[in-house]
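Shown next, in structure tokens, is the structure this report addresses.
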Amino acid sequence: MPLVAIIGRPNVGKSTLFNRILGKQRAIVHGIEGITRDRFVSEAQWEDRRFRLVDTGGIMENPVDPVSRKMQEQLRVAIDEARVLIFLVDGQTELTRIDRQIRDDLLRTGKPVVLAVNKLDNPDLEMRRYDFFSLGLGEPYAVSSGHGHGIGALMDAVIAHLPETAAPEAPEPAAASRAVKVAVIGKPNVGKSSFINAILNEERTIVHEAPGTTRDAIDIEFAWRGKEYVLIDTAGLRKKAGIRAPVEHFSVSRSLRAIRRADVCLVMIDAVEGMTEQDKRILGYVIEQGTGMALVWTKWDLIEDRAARFKQINDEIDLKMPHLKHVPYVTISNVSRQRIFTTLEYVDRVAAETEKRISTAELNKFMEDVRAKHPASSVKGKAAKVRYITQAGVKPTTFVLFVNKKDLFHFSYLRFIENQLRDRYGFAGVPIKLELRQGSPPP
């Protein structure tokens with residue numbers, strides 16, 4: 001699909017316009033300049049035209065820090081790839097030298113440029129659009145991306161430059177869901193964006209040694225060995241006490257949302273630093289949401305005695321985190337690209353496990369074997385009994401146990417049932433939820 005890019009200097013409302021055209025809140029919007037850093041691409045539709053829409057960071061005259069310079073590189077890639085350019089300016093301020101410089105740069109591309117004058121949300125302010133004829137880009141479209149004013153006329157002008165192909169019919173449910181959504185999560189500076197770039201073999205996301213470089217959850221479509229994936233690059237998850245700037249609250253919120261909507265999470269852990277309390281909190285959240293996962297130990301190129309370190313990881317999981325024994329894990333290096341595609345093999349394996357269903361007849365036969373192996377304990381002469389078991393659903397994988405009395409079941413026996421389920425049916429990397437219901441099953 002053709003690409004439409006929103007271009008402008010910082011803080012003129014590009015992300016707000018991006019969200020308005022999409023009709024949903026996708027990009028982070030905040031009054032602070034420079035919130036958008038990476039290219040944020042999403043599919044959009046206006047009338048009968050489908051296209052990709054990209055939100056970009058603001059164009060700066062003299063970027064001084066490395067992150068700002070990389071932002072400008074990302075922006076230039078968006079301009080090069082775009083079919084149509086929306087040049088957004090602030091209608092409540094005077095034209096600046098940077099505005100005119102952007103105008104010159106866009107004209108040099110030879111691509112269609114549609115001028116949008118933002119923040120003109122009433123008839124009096126709308127008259128200010130005439131001041132922008134001086135840019136020589138033709139009709140200035142008065143819009144208010146915050147209130148939705150003028151968006152229809154703007155988009156009519158944009159789609160006039162797009163190919164005249166009708167929007168395809170809605171895909172079948174199976175086709176729509178065939179792409180596996182993979183959230184790449186972890187603490188700040190653990191190598192999430194570097195991993196994405198290594199997989200794609202391009203500088204798709206900004207990488208810098210400063211923690212917190214990634215601010216939004218970026219969806220990136222990707223195909224490997226005939227399979228489709230959506231890689232979700234997320235902001236690092238800090239401890240609550242470390243979240244100070246308002247934008248960090250948005251970033252963490254988007255990362256947690258990415259975990260909830262993902263099919264599989266790749267939980268990145270620094271192999272040099274080892275498993276920290278924050279890593280355990282992140283894993284706890286993934287388990288709580290019931291999302292499938294695999295552990296990815298990063299920076300393996302920095303480990304000197306790799307055999308000894310790998311044994312330490314095995315021992316740490318066996319002794320300190322036995323509840324993670326069912327989770328597959330792999331060691332990688334983003335620098336040498338060692339085993340980075342092995343992670344996708346793990347993703348495929350876990351994704352298949354998240355879809356697994358066991359028939360009710362098979363489960364009740366399984367429960368008979370469990371009772372024979374280890375009957376439930378008794379409390380004051382009252383024996384705990386599982387009358388019936390069935391699988392209630394997937395994502396999260398949930399089993400419902402109809403029991404005689406819930407209070408008689410100790411968590412250790414439920415853990416035993418979970419382990420027996422895994423021994424017999426697998427569910428590698430998939431959190432299992434056991435729900436107790438008192439009484440008889442429905443007829």
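Bear in mind these aren't lab numbers, they're just calculated from the coordinates by the rules spelled out. Fair warning: this is a prediction, and the values are worked out from it, not measured in the lab. Every residue, glycine among them, receives a Cβ derived from its backbone with ideal geometry; neighbour counts consider all protein chains shown.
FRET efficiency for the Leu434 to Lys280 pair, using the beta carbon distance and R₀ = 30 Å, is estimated at 0.90. For region 380-443, the share of DSSP beta bridges that are antiparallel, to the nearest 5, is 45%.
Cβ crowding within 10 Å, taken as a proxy for footprinting-reagent exposure, orders Ile185, Ile218, Ile313 from fewest neighbours to most as Ile313, Ile218, Ile185.
Projected label points at Ile303 and Thr96, each 7 Å from Cα along the beta carbon direction, are separated by 4.8 nanometres.
Arranged by the count of other C-beta atoms within 10 angstrom, fewest first, what order do Val370, Val327 take? Ordered from fewest to most neighbouring Cβ atoms within 10 Å, Val370, Val327 come out as Val370, Val327.
Amide H to amide H, with H built 1.01 Å from N, Val327 comes under 5 Å of Gly429, counting only residues 5 or more places away or on other chains. Here the residues Ser15, Ser253, Ser440, Ser194, ranked from fewest to most Cβ neighbours within 10 Å of their Cβ, fall in the order Ser440, Ser253, Ser194, Ser15. For a label point 7 Å from the Cα of Tyr425 along Cα→C-beta, name the residues of region 372-400 whose backbone N is under 14 Å from it. Under cut-off, by backbone N: 388-400.
Taking amide H as placed 1.01 Å from N in the peptide plane, the amide H of Lys187 sits under 5 Å from that of Leu237, each at least 5 places away or on another chain.
Pop the C-beta distance of Glu221 and Val379 into the FRET formula with R0 = 60 Å and round what comes out to the nearest 0.05. For R0 = 60 Å, the calculated efficiency reads 0.65.
Extension gain for the segment Leu200 to Lys111, taken as residue separation times 0.36 nm less the Cα-Cα distance, is 29.3 nm to one decimal.
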